[in-house]
Amino acid sequence: MAERMKPMGMDRALSSKMGAKYDPQAEAEVRHWFKQLLNEDIGEGSMTVEKNLKDGILLIKLLQKLYDGTPNLPPECNNIKLKYNTSTAPFKQMENIELFLKGANAYGVPDNSLFQTVDLYEGRNMAMVIATILQVGTEAQRYNFNGPTCGSKPVEKHQVEFSYEQLKQSHGVIGLQSGTNKFATQKGMRIGAVRHIADIRADDLSQDGQNHIGLQAGSNQFASQKGMTGFGAVRHISDIRADQYDKESNAHISLQSGTNKFDSQKGMRGGFGAVRHISDIRADQYSDDSKSHISLQSGTNQFASQKGMTGFGAVRHIADIRADDLDREAAAEVSLQYGTNRFDSQKGMTSFGAQRHVSDIKVNDLAEDMRRKMGYTPSVQDMQEYPEQDQ
């Protein structure tokens, strides 16, 4: 028979995961049980245990020992004939394993606690093989096997019968899962009343405490709005009547809201923009001359102004004099503020690119004047070309 290919990929990961579940302590317990019952050693380690149990012979011998030593054997075990095959053929060895699984199931081991044939024969899941043998030892304890056993103790069904009176007592109890009503409660509470931790009667409390609000909810024992007449009314810290106040204070505004006891607008007449008087004096006591004055705070009209201006572009006169009193010659002058027309100008220019004359004189007059200053005597040729210069 060809050897099985080793697991790869995901199968290898699953095989490693199942191998990690193998418990050496459980293996030692099973090995000790086999030694006591059959005087056989299954070895140590998962590979050694697989090699010794692979043919299924020791497993069937174990069931035979259990069947013979169990006084109250389950009826299903009578239909199982435990006879193993000593052949080395693979299918014969797997038949021995299957026979053990049937006998263990008849002995009481659940189907979900049994390993599969390949788990032992191919060594896929040796942890499940050890767990199945331990479960067989548990069932041996359940049926009172008269020899050594292994595995955990069996779980026995424990059924309790309650009387009607016991069941009725639970009707007034709320389980802890939903809360409980067995400790501090709201027993004796009324809407708005004080909560009492101890179950005492509410009428035992002092009547004076019914007008008090506890500190937990706030308090009405200190400064309050008692005596307030409406929205916007003055709040009195002490509970006194408002008519006991001095009448003169009705015209006072407290410092919290501002005050009307110092500089005010008292004496103001007119509308927006009227002069504010610091002292309470009458406005008609002022001099009439000041009515045409604008104070420095808003600007002033007492110094240089545009008084006397006739229109846009007219000359501004610092002093209030008539424009016709000015010199006529100044009308043709441009002030230094805008530039001036009193010095070198383009006066006398005839066209673009023409020579600029600073003084309005002819050019030939300049040449004649320069000739006389330099003592230059013209030649015959010059006199012929420029006869007018000689004259």
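A short reminder: the numbers here are calculations on the coordinates, not readings from a lab. Here the structure is a predicted model, which is why all the values come from computation and not from measurement. Ideal geometry is used to build each Cβ from the backbone, glycine not excepted, and the neighbour counts take in all protein chains shown.
Quick check on packing: order 36-43, 19-26 by the mean number of other C-beta atoms within 10 Å, highest mean leading. Provide the component values of the computation, followed by the final result.
Working: 36-43: 14.0, 19-26: 12.1.
Packing proxy ranking, top to bottom: 36-43, 19-26.
Say each of LYS187 and GLN159 gets a label point 7 Å from the Cα, pointing the same way as Cα to Cβ; how far apart are those two points in nm?
3.8
Pull out the extension gain between MET370 and SER257, defined as 0.36 nm times the separation in residues minus the alpha carbon to alpha carbon distance; nm, one decimal.
Contour length minus Cα-Cα distance gives 31.1 nm.
Name the trypsin sites (Lys or Arg not before Pro) in the stretch 73-133 that are in a loop by DSSP and that have at most 15 other C-beta atoms within 10 Å, would you?
Here the sparse-neighbourhood loop sites are LYS81, LYS83.
For the stretch 95-172, what are the per-bin percents of Cα-Cα distances with bins 5 Å wide, up to the bin holding the maximum?
Bin by bin from 0 Å, the calculated values are 3, 14, 19, 17, 12, 8, 5, 6, 7, 5, 3, 2, 0.
For LYS35 and LYS92, FRET efficiency with R0 = 25 Å and r from the beta-carbon atoms, rounded to 0.05?
Details: r = 26 Å, r/R0 = 1.05.
Plugging the Cβ-Cβ distance into 1/(1 + (r/R0)^6) gives 0.45.
Which net charge results when you count Lys and Arg as +1 and Asp and Glu as -1 among the other residues whose beta-carbon is under 12 Å from that of TRP33?
Details: positive: ARG31, LYS35, LYS65; negative: GLU27, GLU29, GLU40, ASP41.
My count for the surroundings of TRP33 gives -1.
How far apart, in nm, are the 7 Å Cα→Cβ label points at SER287 and ASN79?
Distance between the two pseudo-spin positions: 14.0 nm.
Tell me the GluC sites (Glu not before Pro) within the stretch 71-139 that lie in a loop according to DSSP and have at most 13 other beta-carbon atoms within 10 Å. All intermediate terms of the calculation are to be shown ahead of the outcome.
Details: sites: GLU76, GLU95, GLU98, GLU122, GLU139; in loops: GLU122.
Passing both the DSSP loop test and the Cβ count: GLU122.
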